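The structure appears right after this line, and notes come after that.
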């Protein structure tokens, strides 16, 4: 069984954590991998990184706080750009910010006497815990 969350967490990445590195799958950069995170006031030490991937976010949704208007992104757009517009200009209507986020599936424990659990951490504009598997 797994539970979904959207809780912000503080994550420590790279380097030694408590004298050891977590087990990493082949091809994962150790300097970018989470080694510990604080969730609900408790420190969880990462024992192993089980998987790492990039997740595409729905293109029709802008990240929260990106736009002050209530109209959905792209609504009312004709698809035409103003004459002389720079194609790389992110402020133009119909342009979307980077809509990908990193997902790290880790095995972590909240202490020596606690059992390990599987956690999904995401990183886009900030770190969040999005899933816990029992």
Cα→Cβ-extended label distance, 7 Å offset, between residue 118 and residue 131, nm: 0.8
Stretchable slack from residue 42 to residue 109, in nm (0.36 nm times residue separation minus alpha-carbon distance): 23.1 nm
Extension gain, residue 57 back to residue 24 (0.36 nm per residue minus Cα-Cα distance, nm): 9.3 nm
Exposure proxy order (Cβ contacts within 10 Å, fewest to most) of 130, 28, 49: 28, 130, 49
Ranked list, fewest to most other Cβ atoms within 10 Å of each Cβ, for 114, 1: 1, 114
Inter-site label distance for residue 31 and residue 6 at 7 Å from Cα along Cβ, in nm: 3.4
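Every number in this text was worked out from the coordinates using simple rules, so none of it is lab data. In this text the structure is predicted, and so the values were computed from the model without any measurement. All Cβ positions, glycine included, derive from the backbone under ideal geometry; neighbour counts span all protein chains shown.
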